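J.: Handing you this structure, nothing more for now.
The values are calculated or read from the model by the stated rules, or taken from the named source; none is laboratory data. Everything numeric in this text was worked out from a predicted model, so none of it was measured. As a convention, Cβ positions derive from the backbone with ideal geometry for all residues, glycine included, and neighbour counts pool all protein chains shown.
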Amino acid sequence: MNLVFKYLKKKDILLLAISCLCVIFQVIFELKIPEFTAGIALLVQKENLMFSDVLHNGMIILLLAFGSLAMAVVGGYIITGIGTDLATGIRSDVFAKLMSFSLQEASDFDSSSLVTRCTRNIESVLMFWTFGPLLLVRALFTFVLAAVKMGNTDIRWIYTVGTASLFALILLSVVFLTATGKMMDVQTYMDVINRQVGEHIGGIRVVHAFNAYGFQKKAFDVTDRKLTDFNITVNKAVSILAPGLTVTIYGLTIAVFAMGTHIISQADIAQRPSLYADMIEFSSYATLIMGAVVFLMRGLGMIPDVLISSKRIKEILDHPTVINDGPGATVKADAPAVSFEHVYFGYPGAASNVLEDISFRALKGETVAFIGNTGCGKSTLLNLIPRLYEATSGKIEINGADIRDYALGDLRNRIGYVPQKAMLFSDTVAGNIDFGDDGGFARGLNEIKKAAMTGQAHEFIMQKPEGYDTQVQRGGANFSGGQRQRLTISRAVCRDPEIYIFDDSFSALDFKTDRQLRKALKENAAGATLIIVAQRIATIRYADRIYVMDNGKIVGEGTHDELMENCTVYQEIAHSQFVGTGKVTSPDGEVLKSLKAGTGSPDLKSGAGKEGVK
Amino acid sequence: MSGGRELLRKIIRQNSKIIVLSMVCAVLAAIAQALLPMQIQRLGDYLQQNMGGDLGLGDIVPFLRSAIALLAVFAFFFITQNLLVAKASGYIGSNLRVDLNDKLNRIPLSVTDKYMVGDIQSRFVKDVDTISSSILNTFAPAPANLIKLVLLLIVMFMTDPFMTIAVIVAEFAGLVLLAVVVQKTGPHIKDQMEALGSLTSFTEESISGHMVVKAFHCEEDMKKEFDQRNERVSTSSKKAQFLQGLLQPLLSFNSNLSYVAVVVTAAALFSMRSGSLTIGGMAAFILYAPMIAEPMNAVISFVSALQQALVSADRVAEVLNAPEMNEDVHKKTDDGQKVEKLSGDVEFEHVTFGYEPEQIVLHDLSAKVKAGQKVAIVGPTGAGKSTFVNLLMRFYEPQNGRILVDGIPVTELGQERLHDNIAMVLQDTWTFEGSIRDNIVYSTEGVTEERLNKIVEDCGLSYYVGTLPEGLDTVISERSDISAGQKQLLTIARALAKDSPILILDEATSNVDTRSELLIQRAIDRLTRDRTSFVIAHRLSTIQNADCIFVMKDGDVVEMGKHEELLEKNGLYSELYHSQFEPA
């Protein structure tokens, strides 16, 4: 519950106190009304009835009723205000915390559960805190009123109340214990449902293409069955509560009468009438107390859900962030743009390292490329540069300063990152290109257009009727794969970064667009350092230096021509790309010759490669 | 409002038995509950009368016995009612979720592509929850309350018609006030649900695009946007919650109003010395006033809950009533028998298509592919290559022209039969949380362990699978560190497992290293010797040994032929081909 108190400001506590007062007055007014009705009943019995007296009492009752209503309105207004602001605050903080997670921390949570934690769980907490305090105050106040009046009666009657309370307590505990455990399962399976719905929508083409309707349905139905079973168990457990407590109230009344009979039968005849009156009074108060318990119950019924929800929210809020801002970095002008020194990386909990002893350098303005087989760790290596993951050991420097010294914003604003999977947001095209922190000012349309031109996206954007205002559908469904890649490239260009990171980002581009794009980058981002991961030799052959990776290690480095001479892994890759499968349509020699023909290109700095190698 | 009412009506119809049964239970419980105070009253009276004489616990046993019996009856029916409702609510929710899930498969892609994941998720979970938890809870006690109301009114009328009218007028005045509040609440509940849906969608997208958000240091912007949507939720839910919270106090105000009406009318009647009202009659009415408020209370909560359920029902019905794909989609063969496989001739006849009708992507495209041919489709990005495949798969329907497989128009073939004959690897790799085995075998039936191992080997996955602790049974999820290339290999393996006469590879190997690709290519070539295959790719190694290459540009097939023929033509293909050797 301390989750909530942290969010209550002084002002809120004052307001909360006011709304509690409102509830108390509401109860007082409500309890006063019967006194005046009784008064009227007495008036009416009088011989000379004055209508004005009755009207007077009637007006008082009406005033009390209005007063009670007004108190309820004011109290309700305040409490919904506090409750909603509370939920808004928690939601905002949970989201901020989520955004502060790097991929490393986010991977500790199931991503479908993150959405639930950020939405549904917070609503449960809100519901409880909007109704809970008022129910509690109402119940407690009634309880105190009744208890004070009950205080001076025979102790033996108190036993009956005690027994009834004990029974109610046991009932509540049993129900809550049963429900809370299953409620946890309900939450888990709701997460699974969420995940499966997400997978279903994301993979709907595959479901269609494979006629996998039955398969998909079976998997969904299995989850749904489990969710339904747990739901029913929880519902059943909770549904015992109301009848159980009502039975307790009636049972208590019966017990009071039975106990009364016992007490009266043992007392003197003379004392009996007053004892009988005590009993009637006591039973009415006992009912009042139990009524308070029913009010309490309505609040308590929400508790299992609220406890679990709070726990799930707290898990996020309390999760430590591993990757944090550094103290600030001192940039050296003549240092390499990026340098790795003996970097190792393994995913947390994994037995083996994904990257082993990676060392390389990319000087300012250089183009450095990585190539290697599927799953060799190329993408992971790129993820380390903007600190999406933290290297397990070794040192990564940008402009001569350790990346851990940079403020994260400072570090990442130097980088234009183009991910392997073209991730677009449901926004306009312009909004997708002008994405990210750019030092406090939004880009104008001209800059966005310029970036799109460099990213080879301008032409197809203009073909859309709404141009840059075209809405991008979920996952970029209204753009082709190559177009999506060009949009994500434009997004990186729009930031005008010092360092570009391309994670196999040209894979869906045809060779011509690929080439035009690299040409445009060379012209418009002349001083920038390019780090490229690619599968196609054509994309990287003019890089200043190429690193060949195999199973997490660098096994070769040099220019295209050097590697063609001395790196067997690289040679194999090159061969596999230019030699047809099965049917050889171009003779080997011819292809390789044409490959080497590029060496004479004037803008290829073949010498620069060697300087960069440490 | 779209179909929420019908949906609720349907649910009520389907559960009519349970509803009636729980209503009966509620009535019986209410009768027992009404008789109980009378028993206690009788016990009290007995005590009062016999106070003067000998009194022992034994004397009241008959009273206790009948009171406890009534209590047991009450408890039995109340609990039974609640258990019935609990169980039925669970199944109502389940049926809605299953219907929604089934429905998603029948909605055309042009519609589902516009769905936001988070919004749909909140319909599956939150809206279904609201419907299932409210509908029976409100319906079950309704008749019991109605009976109470009617009985009370009869008793009141018999006591004094004037007074009864006064109470009814007072209650009615209060009800008007309540009706206004309830009516005002409706739109705010709708706003709240919509705001929550939009917030959920945004959250979902921020989480799936987490990597980009981080890399672009966009946390602040995302938070700003989130806070804006959060504010919308806050504003709408403040209003909705406040108005909903008013119901309870208004109800007690209502019953107080009837108090006043009772006493004032009574006093007026007395002061006029007319009518037959007695003091006792008035005392009775003072008791009736709050009693009549209780069933009224229930009626109002019933309306309010129904209103909330209606908002959610509208959101669920919107998906359930979405337009469906053509009827033939799920059409099986006439006799229901498994037809022999098609051979794989594919023909496009004057096909014209645009995702938006005014924006044509394919212009009058005609092409013919013989069974067993390997066709490569190349062209600049956005030329319509994937569209070609989308149409063949009938993900979309052409505006003009037709597509034939084995000479049969695909519209006659039925989508299910068509898809049975096509194995496809899509541009977007898609895996789900499940074992690698499940991801590969997927919906294909009868894949033997031996064949599975062969496929894994052919796709170059053996090494990767070998490094996993549980091999093929290792569960992969988005948290697993599986590379994009490995995911592509999995999806290729999935298509190979399906073993169909037509194979479509849409940029299937773009993230796979070329050595692995070569191996896969060989495996595919072996497998597709007698099969028609369509390959969209940019890499030469993938396309140059095709039987026929379609070169597409701006929605037209501009060149067609073998690799060497096209090179000699010196057209677009040759330009694309040579651009890979030119320096940037």
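J.: When B:Ala523 is evaluated against the numbered criteria (1) within 18 Å of B:Gly460 (Cα to Cα); (2) within 9 Å of another protein chain (Cβ to nearest Cβ); (3) part of a helix (DSSP H, G or I), which criterion, by number, is the only one it fails?
T.: (2)
J.: Considering only helices (runs of 4 or more DSSP H) fully contained in the stretch B:339-451, which possess at least 3 residues that are modelled with pLDDT of 85 or more and of a type in the set (A, V, I, L, M)? Let's see the steps before the verdict.
T.: Working: elements: B:385-392, B:410-413, B:415-420, B:436-441.
It comes to B:385-392, B:436-441.
J.: Here is a list: A:Leu3, A:Leu8, A:Leu55. Which entry is at the interface with chain B (Cβ under 9 Å from one of its Cβ atoms) and either more than 30 Å from A:Asn383 (Cβ to Cβ) or surrounded by fewer than 22 Cβ atoms within 10 Å (Cβ to Cβ) (or both)? I'd like the intermediate steps shown before the answer.
T.: Numbers: A:Leu3 fails: at the interface with chain B (Cβ under 9 Å from one of its Cβ atoms); A:Leu8 fails: at the interface with chain B (Cβ under 9 Å from one of its Cβ atoms).
Selected residue: A:Leu55, the only one of A:Leu3, A:Leu8, A:Leu55 that is at the interface with chain B (Cβ under 9 Å from one of its Cβ atoms) and either more than 30 Å from A:Asn383 (Cβ to Cβ) or surrounded by fewer than 22 Cβ atoms within 10 Å (Cβ to Cβ) (or both).
J.: Let me ask another. Go through (1) crowded, with 21+ Cβ neighbours inside 10 Å; (2) in contact (Cβ under 8 Å) with a residue 60 or more places away in the chain; (3) out of contact with any Phe, Trp or Tyr (no Cβ under 9 Å at 6 or more places or on another chain) and name the single condition A:Ala146 misses.
T.: Of the numbered conditions (1) crowded, with 21+ Cβ neighbours inside 10 Å; (2) in contact (Cβ under 8 Å) with a residue 60 or more places away in the chain; (3) out of contact with any Phe, Trp or Tyr (no Cβ under 9 Å at 6 or more places or on another chain), the odd one out for A:Ala146 is (3).
J.: Here is a further query. Among the residues of the stretch A:318-367, count how many are of a type in the set (Val, Ile, Thr), over 29 Å from the mean Cα position of the chain (by Cα) and in a loop (DSSP other than H, G, I, E, B).
T.: 2
J.: Scan the stretch A:502-518 residue by residue and report those that are more than 10 Å from B:Pro380 (Cβ to Cβ), among the charged types (D, E, K, R) and facing chain B (nearest Cβ under 7 Å).
T.: A:Asp504, A:Arg515, A:Arg518 - these are the residues of the stretch A:502-518 that are more than 10 Å from B:Pro380 (Cβ to Cβ), among the charged types (D, E, K, R) and facing chain B (nearest Cβ under 7 Å).
J.: Still on this model: Quick one: would you say B:Glu559 is of a type outside the set (A, V, I, L, M) and outside any loop (DSSP other than H, G, I, E, B)? Let's see the steps before the verdict.
T.: On the way: of a type outside the set (A, V, I, L, M): yes; outside any loop (DSSP other than H, G, I, E, B): yes.
Answer is yes for this residue.
J.: State all residues of the stretch A:472-491 that are under 26 Å from the mean Cα position of the chain (by Cα), within 8 Å of chain B (Cβ to nearest Cβ) and small (Gly, Ala, Ser); if no residue qualifies, say none.
T.: A:Gly475, A:Ala477
J.: Output the residues belonging to the stretch A:58-67 that are within 15 Å of A:Leu31 (Cα to Cα) and either more than 7 Å from chain B (Cβ to nearest Cβ) or out of contact with any Phe, Trp or Tyr (no Cβ under 6 Å at 6 or more places or on another chain) (or both).
T.: The answer is A:Ile60, A:Leu62, A:Leu63, A:Leu64, A:Phe66, A:Gly67.
J.: Looking at (1) in a helix (DSSP H, G or I); (2) of a type in the set (Lys, Arg); (3) without any contact (Cβ under 8 Å) to a residue 24 or more places away in the chain, can you tell me which one B:Arg5 breaks?
T.: (3)
J.: In the stretch A:238-279, which residues are within 7 Å of chain B (Cβ to nearest Cβ) and in contact with a Lys or Arg (Cβ under 7 Å, 6 or more places away or on another chain)?
T.: A:Ile264
J.: In the stretch B:541-556, what residues are surrounded by fewer than 24 Cβ atoms within 10 Å (Cβ to Cβ) and in a helix (DSSP H, G or I)?
T.: B:Ser541, B:Ile543 - these are the residues of the stretch B:541-556 that are surrounded by fewer than 24 Cβ atoms within 10 Å (Cβ to Cβ) and in a helix (DSSP H, G or I).
J.: What about B:Ser208, is it closer than 17 Å to A:Ser92 by Cα and within 8 Å of chain A (Cβ to nearest Cβ)?
T.: Working: closer than 17 Å to A:Ser92 by Cα: no; within 8 Å of chain A (Cβ to nearest Cβ): yes.
It is false that B:Ser208 is closer than 17 Å to A:Ser92 by Cα and within 8 Å of chain A (Cβ to nearest Cβ).
Condition check ((1) under 24 Å from A:Ala362 (Cβ atoms); (2) facing another protein chain (nearest Cβ under 8 Å)) across all residues:
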| site | (1), (2) |
| --- | --- |
| A:Arg404 | yes, no |
| A:Gly431 | no, no |
| A:Asn446 | no, no |
| A:Ala452 | no, no |
| A:Ala457 | no, no |
| A:Pro465 | no, yes |
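J.: Here is a follow-up. Out of the residues in the stretch B:76-89 meeting the condition of being over 13 Å from B:Pro141 (Cα atoms) and surrounded by 20 or more Cβ atoms within 10 Å (Cβ to Cβ), tell me which one is nearest to the other protein chains (Cβ to nearest Cβ). Spell out the reasoning first.
T.: Within the stretch B:76-89, the subset over 13 Å from B:Pro141 (Cα atoms) is B:76, B:83, B:86-89.
Right, trim to surrounded by 20 or more Cβ atoms within 10 Å (Cβ to Cβ) and you get B:86, B:88-89.
Numbers: B:Ala86: 4, B:Ala88: 9, B:Ser89: 6 Å.
Within the stretch B:76-89, the match that is nearest to the other protein chains (Cβ to nearest Cβ) is B:Ala86.
J.: How many residues are assigned to a helix (DSSP H, G or I) and either among the polar types (S, T, N, Q) or at positive phi (or both) if we restrict to the stretch A:269-300?
T.: Within the stretch A:269-300, the subset assigned to a helix (DSSP H, G or I) is A:272-300.
Filter once more, so that each one left must be either among the polar types (S, T, N, Q) or at positive phi (or both): A:274, A:283-284, A:287.
Number satisfying all stated conditions: 4.
J.: So which residues in the stretch B:539-577 are modelled with pLDDT under 80 and under 14 Å from A:Ala538 (Cα atoms), if there are any at all?
T.: Selection gives B:Arg539, B:Leu540, B:Ser541.
Matching residues to (1) among the β-branched types (Val, Ile, Thr); (2) out of contact with any strand residue (DSSP E or B) (no Cβ under 6 Å at 6 or more places or on another chain); (3) within 11 Å of chain A (Cβ to nearest Cβ):
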| residue | (1), (2), (3) |
| --- | --- |
| B:Leu8 | no, yes, no |
| B:Gln14 | no, yes, no |
| B:Val20 | yes, yes, no |
| B:Leu28 | no, yes, no |
| B:Ile40 | yes, yes, yes |
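J.: Residues in the stretch A:408-423 that are of a type outside the set (Phe, Trp, Tyr), at the interface with chain B (Cβ under 8 Å from one of its Cβ atoms) and not in a helix (DSSP H, G or I): how many?
T.: 5
J.: Which residues, taken from the stretch A:92-130, are aliphatic (A, V, I, L, M), in contact (Cβ under 8 Å) with a residue 12 or more places away in the chain and either within 17 Å of B:Ser201 (Cα to Cα) or at the interface with chain B (Cβ under 8 Å from one of its Cβ atoms) (or both)?
T.: Step one: of the stretch A:92-130, the residues aliphatic (A, V, I, L, M) are A:94, A:96, A:98-99, A:103, A:106, A:114-115, A:122, A:125-127.
Keeping just the survivors that are in contact (Cβ under 8 Å) with a residue 12 or more places away in the chain gives A:94, A:98, A:103, A:114-115, A:122, A:125-127.
Across the stretch A:92-130, the qualifying residues are A:Val94, A:Leu98, A:Leu103, A:Leu114, A:Val115, A:Ile122, A:Leu126.
J.: B:Glu478 - would you say it is among the acidic types (Asp, Glu), more than 12 Å from chain A (Cβ to nearest Cβ) and surrounded by fewer than 23 Cβ atoms within 10 Å (Cβ to Cβ)? Walk me through it before giving the result.
T.: Working: among the acidic types (Asp, Glu): yes; more than 12 Å from chain A (Cβ to nearest Cβ): no; surrounded by fewer than 23 Cβ atoms within 10 Å (Cβ to Cβ): yes.
For B:Glu478, the condition - among the acidic types (Asp, Glu), more than 12 Å from chain A (Cβ to nearest Cβ) and surrounded by fewer than 23 Cβ atoms within 10 Å (Cβ to Cβ) - is not met.
J.: Further question on the same structure: Taking the condition of being within 23 Å of the chain's Cα centre (by Cα), closer than 30 Å to A:Gly181 by Cβ and at the interface with chain B (Cβ under 7 Å from one of its Cβ atoms), how many residues in the stretch A:196-219 meet it? Walk me through it before giving the result.
T.: Taking the stretch A:196-219 and keeping what is within 23 Å of the chain's Cα centre (by Cα), we get A:196-203.
Among the residues that remain, those that are also closer than 30 Å to A:Gly181 by Cβ are: A:196-200.
With the extra rule that they be at the interface with chain B (Cβ under 7 Å from one of its Cβ atoms), the set shrinks to A:197-200.
Selection size over the stretch A:196-219: 4.
J.: Sticking with this one: Report yes if B:Leu57 is under 44 Å from the mean Cα position of the chain (by Cα), surrounded by fewer than 20 Cβ atoms within 10 Å (Cβ to Cβ) and within 14 Å of chain A (Cβ to nearest Cβ), otherwise no. I'd like the intermediate steps shown before the answer.
T.: Details: under 44 Å from the mean Cα position of the chain (by Cα): no; surrounded by fewer than 20 Cβ atoms within 10 Å (Cβ to Cβ): yes; within 14 Å of chain A (Cβ to nearest Cβ): yes.
When the stated conditions are applied, B:Leu57 does not pass them.
J.: Quick one: B:Gln486 ticks every box in (1) part of a loop (DSSP other than H, G, I, E, B); (2) within 8 Å of chain A (Cβ to nearest Cβ) bar one, so which box is it?
T.: Status for B:Gln486: all satisfied but (1).
J.: Could you tell me which residue of the stretch B:489-509 is nearest to the other protein chains (Cβ to nearest Cβ), considering only residues that are assigned to a loop (DSSP other than H, G, I, E, B) and under 34 Å from the mean Cα position of the chain (by Cα)?
T.: B:Glu507
J.: Any residue that is within 7 Å of chain B (Cβ to nearest Cβ) and modelled with pLDDT of 85 or more - is there at least one of those in the stretch A:175-185?
T.: Taking the stretch A:175-185 and keeping what is within 7 Å of chain B (Cβ to nearest Cβ), we get none.
No, every residue in the stretch A:175-185 fails to be within 7 Å of chain B (Cβ to nearest Cβ) and modelled with pLDDT of 85 or more.
J.: On to the next question. If a residue must be over 14 Å from A:Ala168 (Cα atoms) and either touching a residue at least 40 places away in the same chain (Cβ under 8 Å) or not hydrophobic (A, V, I, L, M, F, W, C) (or both), how many such residues does the stretch A:205-252 contain? So that I can check it myself, show each step before the final result.
T.: Taking the stretch A:205-252 first, the residues over 14 Å from A:Ala168 (Cα atoms) are A:205-237, A:239.
Those left that are additionally either touching a residue at least 40 places away in the same chain (Cβ under 8 Å) or not hydrophobic (A, V, I, L, M, F, W, C) (or both): A:205, A:208, A:211, A:213-214, A:216-218, A:221, A:223-231, A:233-237, A:239.
Total satisfying the criteria: 24.
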